[in-house]
Amino acid sequence: MEETSIEIPEQLIQSILEAKNVTLLTGAGISVESGIPTFRDSRTGLWNQYKPQDLATPKAFLENPALVWQWYEWRKKLIDSSSPNPGHCSIVELEKHFTNFWLITQNIDGLHQAAGSQDVIELHGNIHRARCIKENKLVDHWDFENEIPICPDCKAPVRPDVVWFGESLNPASIQKAVYASQNCDLFFSVGTSGIVEPAASLPFEALRHGAKVIEINPQPTPLTIYATYYFSHSAATFLPALIQKVWRDC
Ligand code: BV8
């Protein structure tokens, strides 16, 4: 992708310097420069015959748990061979400049934590965790039966600790995310297509509560026409440039 030079309006620089509370929402796009494909283009190799929305569902797991596990193991292998990129690392730096900084992610790859972000609101869970479907408790090891992980205690199937389509999010996580969206001066939306609910509604919640919304995404999304600022750049390029221009070039 051709990156044009990054211009940041003086007004936005001022707003950032004056901001006390900042919320930043990320989607799969922020992990692209770590080599992790987004949902829409993760149909590479073995998986191009499946739609992620069809695999990331309770129905798929019920019908073919081994196939769903194979998909998660494939993604986990990809994630375990990746590392945080300058976009993730810039967010760790950003966190230091505000009274309150809330990081909300839709991603399950754990790369924000790997970069050093401490308090990450994981709306859709984490691929590195798994839980027993009967006891609904996390398990850190399991046995296998017909290629399906089973709980070492009750022998029920074990599933990835992620939120599938059609499943409700963890109430505490979504409540914290809504609070962060309603109480921020600035809301950054980074690398998300803004399609999946309820995450897609968060920037609009911020707008409704008087925040300025800054969207960073090489492609426009349903949010773009409402955003206060839109930068058509990759996260790994834009975020380091933002830090440079706001705190280093002054
Ligand atoms: C819910 C975890 C209440 C799993 C994910 C019918 C029945 C039930 C529910 C619904 C329904 N119809 C609609 C819904 C709601 C549904 C929904 O939103 N569906 C969509 C498809 C319309 N939502 C839910 O089901 C949620 N739960 O609503 O509960 C409920 C309960 C029961 C019944 C009714 C309601 C749960 C949603 C959570 C799903 N789980 N992930 C897993 O990962 O395996 S979502 C998953 O897909 C990702 O987490 C991500 O959030 C989402 C989209 O993936 P991508 O498109 O790849 O990523 P993203 O959107 O972030 O887009 C990538 C962007 O990056 C692009 O814009 C691209 O331009 C940009 N980009 C590319 N390169 C870069 C870049 N940006 C910056 N830098 C770059 N270099």
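The values are calculated or read from the model by the stated rules, or taken from the named source; none is laboratory data. Being a predicted model, the structure only gives us computed values, none of them experimental. No Cβ is skipped: glycine too gets one built from the backbone with ideal geometry, and neighbour counts run over all protein chains shown. With ligands, DNA and RNA removed, areas are computed over all heavy atoms of the protein, side chains included. Shrake-Rupley method; radii C 1.70, N 1.55, O 1.52, S 1.80 Å.
The table below gives the values:
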quantity: Options 114, 66, 56: the member that is within 15 Å of the ligand (Cβ to nearest atom), among the small types (Gly, Ala, Ser) and at negative phi; calculated: 56
quantity: Index of the failed condition, residue 178 passing every other in (1) within 30 Å of residue 17 (Cβ to Cβ); (2) within 10 Å of the ligand (Cβ to nearest atom); (3) among the β-branched types (Val, Ile, Thr); calculated: (2)
quantity: Filter pass, residue 183 being farther than 25 Å from residue 242 by Cα, surrounded by fewer than 17 Cβ atoms within 10 Å (Cβ to Cβ) and more than 16 Å from the ligand (Cβ to nearest atom); calculated: no
quantity: Checklist (1) open to solvent by less than 80 Å² (accessible area, probe 1.4 Å); (2) more than 27 Å from residue 18 (Cα to Cα) applied to residue 232, failing item; calculated: (2)
quantity: Helices (runs of 4 or more DSSP H) within the range 59-146 that include 3 or more residues open to solvent by less than 70 Å² (accessible area, probe 1.4 Å) and under 20 Å from residue 181 (Cα atoms); calculated: 86-94
quantity: Selected residue (only one of 171, 203, 160, 198 is open to solvent by 60 Å² or more (accessible area, probe 1.4 Å), on the phi < 0 side of the Ramachandran plot and at pLDDT 95 or above); calculated: 171
quantity: Qualifying positions in the range 147-161 - aliphatic (A, V, I, L, M), in a strand (DSSP E or B) and under 23 Å from residue 124 (Cβ atoms); calculated: 148, 158
quantity: Tabulated pairs, the range 16-32, first over 17 Å from residue 52 (Cα atoms), second more than 9 Å from the ligand (Cβ to nearest atom) and of a type in the set (S, T, N, Q), C-beta under 6 angstrom, 6+ apart or interchain; calculated: 20/99; 21/100; 21/183; 23/181; 25/189
quantity: Meets criteria (out of contact with any Asp or Glu (no Cβ under 6 Å at 6 or more places or on another chain) and free of Cβ contacts under 8 Å to residues at least 24 places away in the same chain) for residue 172; calculated: yes
